[in-house]
1. Report yes if some residue within segment A:73-89 is in contact (Cβ under 8 Å) with a residue 60 or more places away in the chain, open to solvent by less than 30 Å² (accessible area, probe 1.4 Å), assigned to a strand (DSSP E or B) and within 12 Å of chain B (Cβ to nearest Cβ); otherwise report no.
2. Only residues that are of a type in the set (A, V, I, L, M, F, W, C) and in a strand (DSSP E or B): list them for segment A:25-51, please.
3. Looking only at residues that are of a type in the set (Val, Ile, Thr) and within 14 Å of chain A (Cβ to nearest Cβ) in segment B:62-112, which one is nearest to residue B:43 (Cα to Cα)?
4. Can you say whether residue A:112 is open to solvent by 20 Å² or more (accessible area, probe 1.4 Å), outside any loop (DSSP other than H, G, I, E, B) and either touching a helix residue (DSSP H, G or I) at 6+ places or on another chain (Cβ under 7 Å) or modelled with pLDDT of 90 or more (or both), as far as the supplied structure shows?
5. Quick one: is residue A:41 closer than 21 Å to residue B:47 by Cα and either at pLDDT 95 or above or among the charged types (D, E, K, R) (or both)?
6. Which condition breaks for residue A:6 when tested against (1) facing another protein chain (nearest Cβ under 9 Å); (2) closer than 20 Å to residue B:88 by Cα?
7. Name the residues in segment B:53-70 that are exposed (fewer than 14 other Cβ atoms within 10 Å of the Cβ) and in contact with a strand residue (DSSP E or B) (Cβ under 7 Å, 6 or more places away or on another chain), would you?
8. Would you pick out the residues in segment A:97-109 that are outside any strand (DSSP E or B) and either buried (at least 21 other Cβ atoms within 10 Å of the Cβ) or more than 9 Å from every other protein chain (Cβ to nearest Cβ) (or both)?
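The values are calculated or read from the model by the stated rules, or taken from the named source; none is laboratory data. Keep in mind that what you see is a predicted model, and the values were worked out from it rather than measured. When we count neighbours, we look across all protein chains shown, and the Cβ atoms used for this are built from the backbone with ideal geometry, even at glycine. Protein only, heavy atoms only, side chains kept; ligands, DNA and RNA dropped before computing areas. Shrake-Rupley method; radii C 1.70, N 1.55, O 1.52, S 1.80 Å.
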Amino acid sequence: DAMVIQNPRYQVTQFGKPVTLSCSQTLNHNVMYWYQQKSSQAPKLLFHYYDKDFNNEADTPDNFQSRRPNTSFCFLDIRSPGLGDAAMYLCATSRDLADYQPQHFGDGTRLSIL
Amino acid sequence: QKEVEQNSGPLSVPEGAIASLNCTYSDRGSQSFFWYRQYSGKSPELIMSIYSNGDKEDGRFTAQLNKASQYVSLLIRDSQPSDSATYLCAVKSASTGNQFYFGTGTSLTVIP
């Protein structure tokens, strides 16, 4: 089945220790998104790639970076995680940016900071 | 940030009843509207999309859109305990590059 896969499902890291979360997709979608979702809050868009074009949200901290080496994979790098970065991180894809295209989510990675 | 507002709930309905979930949005240029279901600790799952004013039905689910009132709703008929989840409203607008804006979600509990 075509899908969006996130690894790992649970990640524990230490305060200030860099961490990388990974997302892969078999949908061959052009757009990949990273969201941060904290408990009882809406998913917050961090950035997205349309093909190789990177689009950063204005309020995404510099601590968060992303890489998309090819169509199938996208990575979220947190350079120096703080306690406030503990959250669920959601990867999503869409075929393109057309208004009618929905987003398809992976199962998420829950990040804990010690 | 374009605003999408939802009643956070919790909303409780008995099994078999109709659950009504509401969403309002501030960007009058919004064109596409989506309802996602999110179980606790899981990722959002697309339930329905709607683009035109009126009703759209899919099984037990009906989405209703009123662009003049900037209002979109989701009705769940014959509610089941398995419908217990948080329902997220998402809105897309060409004026914001067709990015999704999510509401904070409404928590629904269906009581057996």
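1. Of segment A:73-89, the ones in contact (Cβ under 8 Å) with a residue 60 or more places away in the chain are A:78-83, A:89.
Remaining after also requiring open to solvent by less than 30 Å² (accessible area, probe 1.4 Å): A:78, A:81-82, A:89.
If we keep only those that are assigned to a strand (DSSP E or B) too, we end up with A:78, A:89.
Okay, now just the ones that are also within 12 Å of chain B (Cβ to nearest Cβ), so A:89.
Yes.
2. The first filter runs over segment A:25-51 and keeps only residues of a type in the set (A, V, I, L, M, F, W, C), leaving A:27, A:31-32, A:34, A:42, A:45-47.
Listed by number, the residues that qualify are A:31, A:32, A:34, A:45, A:46, A:47.
3. Going residue by residue through segment B:62-112, those that are of a type in the set (Val, Ile, Thr) are B:62, B:72, B:76, B:86, B:91, B:96, B:104, B:106, B:109-111.
If we keep only those that are within 14 Å of chain A (Cβ to nearest Cβ) too, we end up with B:86, B:91, B:96, B:104, B:106.
Values: B:86: 11, B:91: 18, B:96: 24, B:104: 14, B:106: 15 Å.
Here the residue is B:86.
4. Working: open to solvent by 20 Å² or more (accessible area, probe 1.4 Å): yes; outside any loop (DSSP other than H, G, I, E, B): yes; either touching a helix residue (DSSP H, G or I) at 6+ places or on another chain (Cβ under 7 Å) or modelled with pLDDT of 90 or more (or both): yes.
Here the answer is yes, as residue A:112 does meet what is asked.
5. On the way: closer than 21 Å to residue B:47 by Cα: yes; either at pLDDT 95 or above or among the charged types (D, E, K, R) (or both): no.
It is false that residue A:41 is closer than 21 Å to residue B:47 by Cα and either at pLDDT 95 or above or among the charged types (D, E, K, R) (or both).
6. With respect to (1) facing another protein chain (nearest Cβ under 9 Å); (2) closer than 20 Å to residue B:88 by Cα, residue A:6 is out only on (2).
7. Pass one, segment B:53-70, residues exposed (fewer than 14 other Cβ atoms within 10 Å of the Cβ): B:53-55, B:57-59, B:66, B:68-69.
Within segment B:53-70, B:53, B:54, B:55, B:58 qualify.
8. In the first step, residues of segment A:97-109 are kept if they are outside any strand (DSSP E or B); the result is A:97-103, A:106-108.
Listed by number, the residues that qualify are A:103, A:106, A:108.
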